[in-house]
Amino acid sequence: MTATRRHQPPGLDAPVSLDRVLGPFRRGAGDPTSRRVGRDWWLAWTTPDGPVGAHLVPGDEVTAHAWGAGAQWFLDALPDLLGGRDDPTGFEPHHDLVAAGWPSWSGYRVPASRLVFQVFVPAVIEQRVTGREAFSSYRQLVTRFGEPAPGPAGEQGMICPPTASGWGSVPSWAWLQAGVEGARSRVVVNAAKVAGRLEECAELDRDAATRRLRALPGVGVWTTAEVAQRALGDADAVSFGDYHLARNVTWSLTGRIGDDDELAELVAPYAGHRFRACRIISAVGGAPPRRGPRRSLPTHLPTRF
């Protein structure tokens, strides 16, 4: 049975860009939990009520079709996923590059999936390694320990990630086979024991949610920001410690490659909207030119976790 909901966030004078909202949830081209087909998006997620397969279609309104035990939960959460918690009021460009990009990004809203642990797991897997390695590890683990998505998403081979208890019961040798050493797998397994407390972060204010996440061993500023940007709708969460972010933002705004300290100084005027500013700068400014032979680089190899 298909459940359907249509939604357009209030205050927008243009359709929602699903690519901008949902793109950060996709962990590589082979991610079995997230897929882009044409302009549509397919998701295989695990909600508090159970697995859901969802099909989102862009238009004047976003039309979402959902199947499975988690279908109603997903549709109830759709406004938050499409940025309903985010308010760009007060955002003002402080750099010419941001001013140039703001007209096309003014309709962007930071998503809040409210699925904290589901976002937390791949963020931890992405610690210490390149994006390619992390995406492969996550794909292997979800394929092995997840369950087929309900409805047409499952028919396409999509897989819902394990529940918190499922992640907590993945044996140590399976983590190692997927390329995840004990330092990272232990963070997930230990967090799975308090997953209910983590899910409560979706209803806490930003500071309280940050404190709760940071209280977990092995979780620092980078991991917390990666979760907040996807699950909590936090428009101010900057991924300090990211391999690329400081380089890209500082180069785009100054023509020089700087570090986290310079990044913090440059985005300070955007307090409350620093993540929003970083997304615009990264999209409009791009990356510094490569020098020397091209080599495989991480998507966001963090130096602080």
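The values are calculated or read from the model by the stated rules, or taken from the named source; none is laboratory data. What you see is a predicted model, and the numbers here were worked out from it, not measured in a lab. Glycine gets a Cβ as well: all are built from the backbone with ideal geometry, and neighbour counts include every protein chain shown. These area figures cover heavy atoms from the full protein model, side chains too; ligands, DNA and RNA do not enter into them. Shrake-Rupley method; radii C 1.70, N 1.55, O 1.52, S 1.80 Å.
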Does any residue in the range 275-304 that is at pLDDT below 65 come within less than 6 Å, Cβ to Cβ, of a residue that is among the acidic types (D, E) and outside any helix (DSSP H, G or I) six or more places away or on a different chain, and which pairs are these?
-> H300/D242
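Identify, please: which residue in the range 218-252 is among the hydroxyl-bearing types (S, T, Y) and assigned to a loop (DSSP other than H, G, I, E, B) and is, among those, nearest to L115 (Cα to Cα)?
S239
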Within the range 100-122, can you find the residues that are in a helix (DSSP H, G or I) and under 17 Å from G166 (Cα atoms)?
-> V116, F117, Q118, V119, F120, V121, P122
Enumeration of residues in the range 143-178 that are outside any helix (DSSP H, G or I), more than 18 Å from T33 (Cβ to Cβ) and open to solvent by less than 70 Å² (accessible area, probe 1.4 Å) | P171
Has the range 75-83 got at least one residue that is within 15 Å of the chain's Cα centre (by Cα), part of a loop (DSSP other than H, G, I, E, B) and either among the hydrophobic types (A, V, I, L, M, F, W, C) or surrounded by fewer than 17 Cβ atoms within 10 Å (Cβ to Cβ) (or both)?
-> yes
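Assess whether G196 counts as being under 30 Å from R274 (Cβ atoms), surrounded by fewer than 16 Cβ atoms within 10 Å (Cβ to Cβ) and at pLDDT 95 or above. Spell out the reasoning first.
On the way: under 30 Å from R274 (Cβ atoms): yes; surrounded by fewer than 16 Cβ atoms within 10 Å (Cβ to Cβ): yes; at pLDDT 95 or above: yes.
Taking the combined requirement at face value, the residue satisfies it.
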What's the number of the condition D207 fails, among (1) open to solvent by 80 Å² or more (accessible area, probe 1.4 Å); (2) in a helix (DSSP H, G or I); (3) touching a helix residue (DSSP H, G or I) at 6+ places or on another chain (Cβ under 7 Å)?
-> (3)
Are any residues in the range 240-259 in contact (Cβ under 8 Å) with a residue 24 or more places away in the chain and of a type outside the set (A, V, I, L, M), and if so, which ones?
-> F240, G241, D242, Y243, H244, R247, N248, W251, S252
Sole residue being within 27 Å of V142 (Cα to Cα) and either among the aliphatic types (A, V, I, L, M) or in contact with a Phe, Trp or Tyr (Cβ under 9 Å, 6 or more places away or on another chain) (or both), chosen from R35, R39 | R35
Considering every residue within the range 86-99, establish whether at least one is assigned to a loop (DSSP other than H, G, I, E, B), more than 21 Å from Y270 (Cβ to Cβ), of a type outside the set (S, T, Y) and modelled with pLDDT of 95 or more.
-> no
Filter the range 24-55 down to residues that are among the small types (G, A, S) and open to solvent by 30 Å² or more (accessible area, probe 1.4 Å) and give me whichever is farthest from the chain's Cα centre (by Cα).
-> G38
Options V267, V284: the member that is open to solvent by 10 Å² or more (accessible area, probe 1.4 Å) and either in a helix (DSSP H, G or I) or within 24 Å of P103 (Cβ to Cβ) (or both) | V284
